[in-house]
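Everything below concerns the one structure shown next.
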Amino acid sequence: MAVAGLPSASLTGWPSIGSSVFVKNRLVVATSQTVRPQNRFTFYETSAVEVPVRRARRPFTSGGFSTRIVMRSSIAPMVGTRLAADDAGFVMLPGGRVPPPVSWCCVAGKEVLLESDGRPTAPTTTGAGMDGNRLRLLMRVPDGDAVLRSFSPQTLTGPDAYDPSASTGTVTARPAAGTTAVATGVIAWVPEGEPRTLALATPTDAGVEALRTVRMPGDVVAVAANPGLVVVTLRTGRSYRVLRVLPDGRSATAWRGAQAPRVAVGRGLVVVAVGRVVLASRSGAVKRVTGARGPVAGVAADGDRLAWFERVTVRVPTGVRRKGKVVTKPQRRTVARIARVAR
């Protein structure tokens, strides 16, 4: 698979990387970190930051990221924040052990808060994604059936405007936390207490249709979705597999190995990163695309382009000169790199 160009943009430090997505001409990544201001209490933060991408020879328009959404909490870390997107915007679902707020970005430059109930007994959103022009949230309800909430935030006239299209349907299921993925025409989740079962269905405003279950050859640790395709990461003992699963339940192995992989799918392209190696393909087993300068912390996919986030240490000037030379110091950075791949 041919690779064209490896321009980069960077984030200072090594924040925890959640998912990352392409939103038309932007690359958006979810980052999480613990913040300890001097002489103040510790708090936890998760952010969605972006860097513009252009179609010219150098895809990044600048080296820095800008923050679009930031959420803070004093309760618990929000590691594992997930993003889902279409060309109009993206939805942000924070990770962590408490019921998370869910936001859409953006309407008139501001986020739209779709769900916000942090009570221990509140419904917990297990996954979100775009189903055509509908944004779907699957929510686990304590001691009851799940609900599927649907919105059209991209049609709102303002961030606080009423969404007359919002609907809530009932789903006879108890999805495990963090296992739900939604894409056009498909929703997938792992039932609570059944790590080797994958539930597949068609989402609707009233709930789901054509629900069926597929037995997996290992414990499901992550689920991603694309129109007509679900990508599942499995663990069996000390080994891992990445499967392509069709809506009818048929599956094929895209990758297998001894290390936990980073996985993304977008417009049919599946990307897998292991250690310092990035692999991708649109069918069959993924193939090596490139190597990274440092461990890969996250990946994104979008048809004929992919991105990965690698951990590197660089030396930066301190502004001090000694014996005629500028003194430098090491600085940790998370560098995003983007490449186009031949079809």
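The values are calculated or read from the model by the stated rules, or taken from the named source; none is laboratory data. No experiment lies behind these values; they were computed from the predicted model shown. Neighbour counts run over all protein chains shown; Cβ positions are idealised from the backbone, glycine included. Heavy atoms of the whole protein, side chains included, go into the accessibility calculation; ligands, DNA and RNA do not. Shrake-Rupley method; radii C 1.70, N 1.55, O 1.52, S 1.80 Å.
Summing Cβ point charges (Lys, Arg +1; Asp, Glu -1) relative to the Cα centre of the stretch 299-338 gives a dipole of roughly 640 debye.
Remark on Phe60: its backbone amide H falls under 5 Å from those of Arg54, a criterion applied only to residues 5 or more positions apart or on other chains, H modelled at 1.01 Å from N.
Using alpha carbon centroids, what distance separates the stretch 283-326 and the stretch 43-112, in Å? What the calculation gives is 20 Å, centre to centre.
Evaluating 6.51 cos²θ - 1.76 cosθ + 1.60 at θ = phi - 60° for every residue in the stretch 113-118, the Karplus couplings come out as 7, 8, 9, 7, 8, x Hz, glycine and proline recorded as x.
For the chain, what does the accessible surface come to per residue with a 1.4 Å probe? Please give it in Å². Show your work: numbers first, answer last.
Working: 16000 Å² over 343 residues.
Dividing the accessible area of the chain by its residue count gives 47 Å².
Between the stretch 132-204 and the stretch 229-251, how many Å separate their Cα centres? What the calculation gives is 21 Å, centre to centre. A DSSP coil position with no more than 15 other Cβ atoms inside 10 Å describes the following trypsin sites (Lys or Arg not before Pro) in the stretch 178-232: Arg196.
Accessible-area rank, largest first, for Asp145, Asp160, Asp304: Asp160, Asp145, Asp304, with all protein chains present and a 1.4 angstrom probe.
Highest GNM mean-square fluctuation among Arg311, Arg54, Arg140, for the chain modelled with Cα contacts below 10 Å: Arg54.
Measuring only protein heavy atoms, the 1.4 Å probe finds Thr155 accessible over about 90 Å².
Among [x] 73, 46, 40; [y] 158, 41, 35; [z] 58, 44, 41, which is the computed Cα extents along the principal axes in Å? Of the labelled values, this structure produces [x].
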